[in-house]
Amino acid sequence: MMGGYGDIKLLNDDGTRLDGRAVDEMRSVEIKAGVLPVADGSAWVKHGLNVAVAAVYGPMEAHPRKIQRQDRAVIDVRYNMAPFSTSDRIRPGFNRRSREISKVTAEALESVVLVERYPRSKIRVEIEILAAEAGTRCVGITAASVALADAGIPMRDMIVGVASGKIEGVVVLDLDKAEDNYGQADLPMGILPNTGEMAFLQMDGDLSIEEYNLACEYNYKAASEIHELMKQALLDSASRGDA
Ligand code: CDP
């Protein structure tokens, strides 16, 4: 939802952002693993004012049969924004946007999970956005990755979801709600922190090559910070013994 009309001030005179952050500063992030006793794996992620919970079930036999793949598992993702997650009026239930986010998330996760180890199986990933403040697709991916690891599902890396963008012609890390609504560009990415690969990339608005490179650099910096929190959450959950 890029407004980009230039009539809304998003930067203070001293170059900081309206919430006081520096241009290359992400919102604060908190992560917990193993939060849902009934799921095989789960995670809770608070990223700024976003709150996401992810639950993983499986691997289990894929039903109906027609969704089975003979050589690998399928990952069935359902991203959903709770009706109380936003002050905007959202129509509850599955819509175009949530279907699109579910699909790109599933494709990203299939690139890191060792799906070939579980032929004819399904791994179900539920992502519930409890509070939304921009960047929920990224927070959902981060939460899903921790939940998959918490379920003990083998992966070649986790994925960290993070976005940078452009406001008033300036590249900034991790857009908040106003910046997402009235900014000029948004660049959400799914980054594999160990290999440095990118598992997904979307772009809304326009960035020059230089701006894209800077946004990328910011995203990689944030991804490595968030990755530390993901690993710590998994260690804490394992030491509690409820993973
Ligand atoms: O959440 P994300 O940035 O990944 O996706 P978006 O489609 O760019 O949405 C940006 C923000 O708009 C969300 O995080 C929500 O805060 C808000 N939104 C909403 O309130 N209701 C919707 N139906 C869609 C988005």
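The values are calculated or read from the model by the stated rules, or taken from the named source; none is laboratory data. Predicted, not measured: the structure shown is a model, and the values here were computed from it. In this analysis, Cβ positions are derived from the backbone assuming ideal geometry, glycine residues included, and neighbour counts consider all displayed protein chains. Surface areas here come from the heavy atoms of the whole protein model, side chains and all, with no ligands, DNA or RNA. Shrake-Rupley method; radii C 1.70, N 1.55, O 1.52, S 1.80 Å.
Brief remarks on what is shown
- Convex hull volume per residue for the chain, taking Cα atoms only, in Å³: 128
- 3J(HN,Hα) along the stretch 196-208, derived from phi through the Karplus expression 6.51 cos²θ - 1.76 cosθ + 1.60 where θ = phi - 60°, amounts to x, 6, 10, 9, 7, 8, 10, 9, 10, x, 10, 9, 6 Hz, with x in place of Gly and Pro.
- Rough spin-label spacing in nm, given labels placed 7 Å along Cα→Cβ, for Met155 and Asp14: 3.8
- Where Leu201, Leu175 fall by accessible area, highest first, once all protein chains stay in place (1.4 Å): Leu201, Leu175
- The simple spin-label model puts a point 7 Å past each Cα toward its Cβ; for Phe84 and Glu210 those points are separated by 4.8 nm.
- Between Gly183 and Gly3, Gly4, the built amide H atoms are under 5 Å apart, and every one of these is 5 or more places off in sequence or on another chain.
- Note on exposure: Ser237, Ser208 ranked by accessible area (1.4 Å probe, complete protein assembly) read Ser208, Ser237, with the most exposed listed first.
- Taking all Cα pairs closer than 8 Å and separated by 6 or more residues, the relative contact order of the chain comes to 24 percent.
- Rg to Rh, two decimals, where the stretch 36-84 supplies the alpha carbon set and Rh follows Kirkwood: 1.07
- Amide hydrogen neighbours beyond the local backbone of Leu18, cut-off 5 Å, H modeled: Asn12
- Solvent-accessible surface of the chain, taken per residue with a 1.4 Å probe and all protein chains present: 48 Å².
- Average 1/r across all pairs of distinct alpha carbons in the stretch 118-196, invert it, and you get the Kirkwood radius: 14.1 Å.
- Inter-probe distance in nm under a simple model that places probes 7 Å from Cα toward Cβ, at Glu61 and Glu100: 3.8
- Taking each residue as 0.36 nm, the span from Gln70 to Glu228 lengthens on full extension beyond its C-alpha to C-alpha distance by 53.3 nm.
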